[in-house]
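S.K.: This is the structure I have questions about; it appears just below.
The values are calculated or read from the model by the stated rules, or taken from the named source; none is laboratory data. In this text, all values refer to a predicted model and were calculated from it rather than measured experimentally. All Cβ positions, glycine included, derive from the backbone under ideal geometry; neighbour counts span all protein chains shown. For accessibility, only protein heavy atoms count, side chains too; no ligands or nucleic acids. Shrake-Rupley method; radii C 1.70, N 1.55, O 1.52, S 1.80 Å.
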Amino acid sequence: MKLLLIGYGNVGKAFRKLFHEKKERYPILQNVEIVGIVTRQGLMLGDKENFTVDKQVSVLDAIDYVKPDVIVDMSSPNYKDGEPSVSAYMRALSNGIHVITVNKAPLALKFREIFDVAEKVGAKIGFQGTVMSGTPSVNLFRIQPVVEVSRIRGILNGTTNYILTRLYEGLSFNEAIKEAKEKGYAEEDPTLDLNGFDAAAKLTILTNFVMNRNVKIGDFKFKGITEITSEEIRRAKSEGKKIKLIAYADNYTIQVSPQVLSPQDPLYYIDGVENALEIQNEIQRIIIRGPGAGPINAAYGALSDLVLLLEGCL
Ligand code: 80F
């Protein structure tokens, strides 16, 4: 099985490293190889740690040239039109090439269109890494067949939760964002984290997948953490409460907004880069928590999709 990686930044490099570590230990990965990496700079053929350009081609041309079995998209999100990833997915899927992605923009903008193409030809899409990185969220629902979900509520952005935690601990906003960037949690454009865009994209993807809705980012209101004042943080703290960026969807409402939580709320205890998701379905209420960002976690999300694909479980 031939992989073409799209994007070779924090996550792309972590994925390549993890892939090689696991390939040595798990026979299922033995016949998988990375045959190329394409970035903004162009295409590198083969699988080398240090990226060099062999051919100055676009992502679409790289797919035609390399003819992979799977593309693994770890490029930066483009929320204007999802390009070049949307066209890359359409080209790949319509030719029976599977897609694994940690890039939220294409699925937040064109979820149904992309899945319609995949379903027509029987190609698969793995997207665990788009929501809560390597902590099972999307893939949790793959082992919860036919159960009907009525409500999801969670903390879905690692960067803002990390910043809010550090503000609560007394750091300035600039110090906290600097730390989040250094740890590789923040997007290439961190305003996507701060203004709620990233959390809204994740909520869009989850809502479409688990509640069978047809929502696009932009269909609903979302707010980030940029308007939270130090006075509001101080007041919440003095009342024994915390401010968290909460993503929420039920059959009528979908929204992302900062909310003041008291210790009775399980999400009150989710600090730092940790994320959490409460799922209410017809049978049970489930709460999952785990790291929501970080290159290794996002890379693991993509790698777990690859193994599920090989096992026929995607
Ligand atoms: P980084 O900027 O390091 O690398 C981006 C790569 O994409 C570069 O190699 C660049 O050349 C390439 N690229 C950009 N535009 C391209 C184009 N048009 N054609 C070809 N290549 C292009 O970015 P990261 O950190 O490696 O992130 C990569 C992807 O992973 C992005 O889509 C992220 O949204 C996604 N992701 C990242 C996570 C992380 O922790 C986590 C999960 C997904 O919750 C949070 O706080 C979130 N900010 C993190 S979620 N880094």
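S.K.: What is the chain's relative contact order, in percent, from Cα pairs under 8 angstrom and six or more apart in sequence? It would help to have the intermediate numbers written out before the result.
M.R.: Details: 633 pairs, mean separation 67.5, N = 314.
Worked out over the chain, it gives 22 percent.
S.K.: Averaging sequence separations of C-alpha pairs under 8 Å and six or more residues apart, then dividing by the length of region 145-291, give the relative contact order as a whole percent. Write down the numbers at each step before the final one.
M.R.: Working: 253 pairs, mean separation 53.8, N = 147.
This gives 37 percent for region 145-291.
S.K.: Which residue, Val102, Val59, Val131, tops the fluctuation ranking in a GNM of the chain built on C-alpha contacts under 10 Å?
M.R.: Ranking Val102, Val59, Val131 by mean-square fluctuation puts Val59 first.
S.K.: Follow-up question, since we're still on this one. Test of understanding: in a Gaussian network model of the chain with alpha carbons linked when under 10 Å, which of Ile37, Ile243, Ile28 would top the mean-square fluctuation ranking?
M.R.: Its mean-square fluctuation being the largest, the pick is Ile28.
S.K.: Only Cα pairs within less than 10 Å get springs; with that Gaussian network setup on the chain, which residue of Pro291, Pro27, Pro84 has the largest fluctuation?
M.R.: Largest GNM mean-square fluctuation: Pro27.
S.K.: Which aspartates and glutamates, on any chain, are close to Lys237 with Cα under 19 Å apart, when same-chain ones fewer than 8 places away are left out?
M.R.: Partners within reach: Glu169, Glu227, Asp265, Asp271.
S.K.: Would you mind getting the accessible area per residue of region 145-291, heavy atoms of the protein chains only, 1.4 Å probe, in Å²? Present the calculation step by step, with values, prior to reporting the outcome.
M.R.: On the way: 6940 Å² over 147 residues.
Result: 47 Å² of accessible area for each residue.
S.K.: In addition: Tally Lys and Arg at +1 and Asp and Glu at -1 over the other residues with C-beta under 14 Å from the C-beta of Tyr79: what net charge comes out? Let's see the in-between values first.
M.R.: Working: positive: Lys80, Lys104, Lys110, Lys202, Lys216; negative: Asp81, Glu83, Glu187, Glu188, Asp189, Asp193, Asp198, Asp219.
So the environment of Tyr79 carries a net charge of -3.
S.K.: Now, a different point. Using a 1.4 angstrom probe on heavy atoms only, work out the carbon and sulfur share of the accessible area of the chain in %. Provide the component values of the computation, followed by the final result.
M.R.: Values: 6820 of 14030 Å².
Of all accessible area on the chain, carbon and sulfur atoms account for 49 percent.
S.K.: Got a number for the accessible area of Ser75? Probe 1.4 Å, square angstrom, nearest 10.
M.R.: 30
S.K.: In this model, which of Lys104/Lys216; Lys110/Lys202; Lys110/Lys223; Lys2/Lys23 are farther than 18 Å apart at the alpha-carbon? Before the final figure, lay out the partial values.
M.R.: On the way: Lys104/Lys216 12 Å; Lys110/Lys202 13 Å; Lys110/Lys223 22 Å; Lys2/Lys23 14 Å.
Lys110/Lys223, as the Cα separations exceed 18 Å there.
S.K.: Which GluC sites (Glu not before Pro) in region 1-98 sit in a loop by DSSP (not H, G, I, E or B) and have at most 12 other Cβ atoms within 10 Å of their own Cβ? Intermediate values should be presented prior to the final figure.
M.R.: Values: sites: Glu21, Glu24, Glu33, Glu49; in loops: Glu49.
Answer in residue order: Glu49.
S.K.: Here's a follow-up. Could you run the Karplus curve 6.51 cos²θ - 1.76 cosθ + 1.60 with θ = phi - 60° over region 99-105 and give me ³J(HN,Hα) per residue in whole Hz, x for Gly and Pro?
M.R.: 10, 10, 9, 10, 8, 6, 4
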